[in-house]
Amino acid sequence: MSDQASLTQDLPEDALRRLKEMRGGEGRRGLFTSDLSISEFLLVKEAGFDPVGLVVGSSIYHIGIQLASYRQNQELQVLSQAMYHARELAMSRMEEEADALGADGIVGVRLDINRYEWGQGLAEFMAVGTAVRSQQGAMRTSKGRPFTSDLSGQDFWTLLQAGYAPLGLVMGSCVYHVAHQGLGQWMRRVGQNQEMPNFTQALYDARELAMSRMQAEAEEVSAEGIVGAQIHENNHGWGSHVIEFFAVGTAVRPTKEDHRIAAPQLVLSLDQ
């Protein structure tokens, strides 16, 4: 099997047909699609990149069940792995579409989760972004794959102007069970102002696990750091004592040793 065939084997025929039409050729003019705003589109062009198409990856995933002790703080590793793997599948298919378009990277990536009434325990994981191609030579990752970034068009332009380039979207997930209070614990705290150490420690531990996994991904790609990092919290319908912490950001590297960051300039807004 050829490399190109192996990259696109997960894509549906309609997606392959759409991507082929966007690339043009054989007397047909290419056409790009994009979810960039007008300002973002212009800044991406100014940064030396051409949008080549809106790319999408999807995975409908069955999320298993893991029971937890009623009064124990603990990670639910089965659920953590499911949430991470499902996002990875969606991301890889989005990258396959970008690769089919000959793109160097993807900007403005969004990761969404949708649930449908027809599937209990099922969730669709979607990755969406705008594939871009460099006007000044390839800017792919060291593995020859398109880079990914959740930066806006404005932030992408600013990052490049400062002498940095995105390496890839890095993420970490942790699904955690927060122990319930016993009746005695609840009675002793009625009417009192005091910290709840059990809850504090549980949420602290869960966030740390998600953040450390995101950081480990950045270290694997030899990034200098992570920008735009966010931590999202959601229970996804598992119940009040089960919550997912999802950390995500863009790993970056300097483009040259002697780069200099321009001094900030004062901008006076004329908006009222």
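The values are calculated or read from the model by the stated rules, or taken from the named source; none is laboratory data. It should be emphasised that the depicted structure is a prediction, and the values quoted were computed from it without experimental measurement. Every residue, glycine among them, receives a Cβ derived from its backbone with ideal geometry; neighbour counts consider all protein chains shown.
Which of the residues spanning segment 137-166 are within 16 Å of S37 (Cβ to Cβ) and free of Cβ contacts under 8 Å to residues at least 12 places away in the same chain?
Matches in segment 137-166: T158 only.
Out of the residues in segment 240-260 that are part of a loop (DSSP other than H, G, I, E, B) and surrounded by 10 or more Cβ atoms within 10 Å (Cβ to Cβ), which is modelled with the lowest pLDDT? Break it down into steps so the answer makes sense when it comes.
Going through segment 240-260, the residues part of a loop (DSSP other than H, G, I, E, B) turn out to be 240-241, 255-260.
When the remaining residues are screened for being surrounded by 10 or more Cβ atoms within 10 Å (Cβ to Cβ), the result is 241, 255, 259.
Working: H241: 87, T255: 86, H259: 65.
It comes out as H259.
Give me the residue from segment 102-140 that is of a type in the set (D, E) and surrounded by 14 or more Cβ atoms within 10 Å (Cβ to Cβ) and, out of that set, farthest from V170 (Cα to Cα).
The residue in question is E124.
Taking segment 117-147, which residues are part of a strand (DSSP E or B) and under 19 Å from E88 (Cβ atoms)? It would help to see each step written out before you state the result.
At the first step, the residues of segment 117-147 found to be part of a strand (DSSP E or B) are 122-134, 147.
Correct list: L122, A123, E124, F125, M126, A127, V128, G129, A131, F147.
Enumerate the pairs (first residue in segment 3-24 and on the phi > 0 side of the Ramachandran plot and exposed (fewer than 14 other Cβ atoms within 10 Å of the Cβ); second residue anywhere and in a loop (DSSP other than H, G, I, E, B) and at pLDDT below 80) with beta-carbon separation below 6 Å, excluding pairs fewer than 6 apart on the same chain, so at least 6 apart or on different chains.
Close Cβ pairs satisfying both conditions: G24/G30.
Of the residues that sit in segment 57-101 and are more than 24 Å from A206 (Cβ to Cβ) and in contact with an Asp or Glu (Cβ under 8 Å, 6 or more places away or on another chain), which one is surrounded by the most Cβ atoms within 10 Å (Cβ to Cβ)?
That would be G57.
Restricting to segment 69-95, count the residues that are part of a helix (DSSP H, G or I) and among the charged types (D, E, K, R).
Residues that pass the stated criteria total 4.
For segment 108-116, does any single residue satisfy the condition of being closer than 17 Å to N235 by Cβ, part of a loop (DSSP other than H, G, I, E, B) and touching a helix residue (DSSP H, G or I) at 6+ places or on another chain (Cβ under 6 Å)?
Looking for residues that are closer than 17 Å to N235 by Cβ, part of a loop (DSSP other than H, G, I, E, B) and touching a helix residue (DSSP H, G or I) at 6+ places or on another chain (Cβ under 6 Å), one finds none in segment 108-116, hence no.
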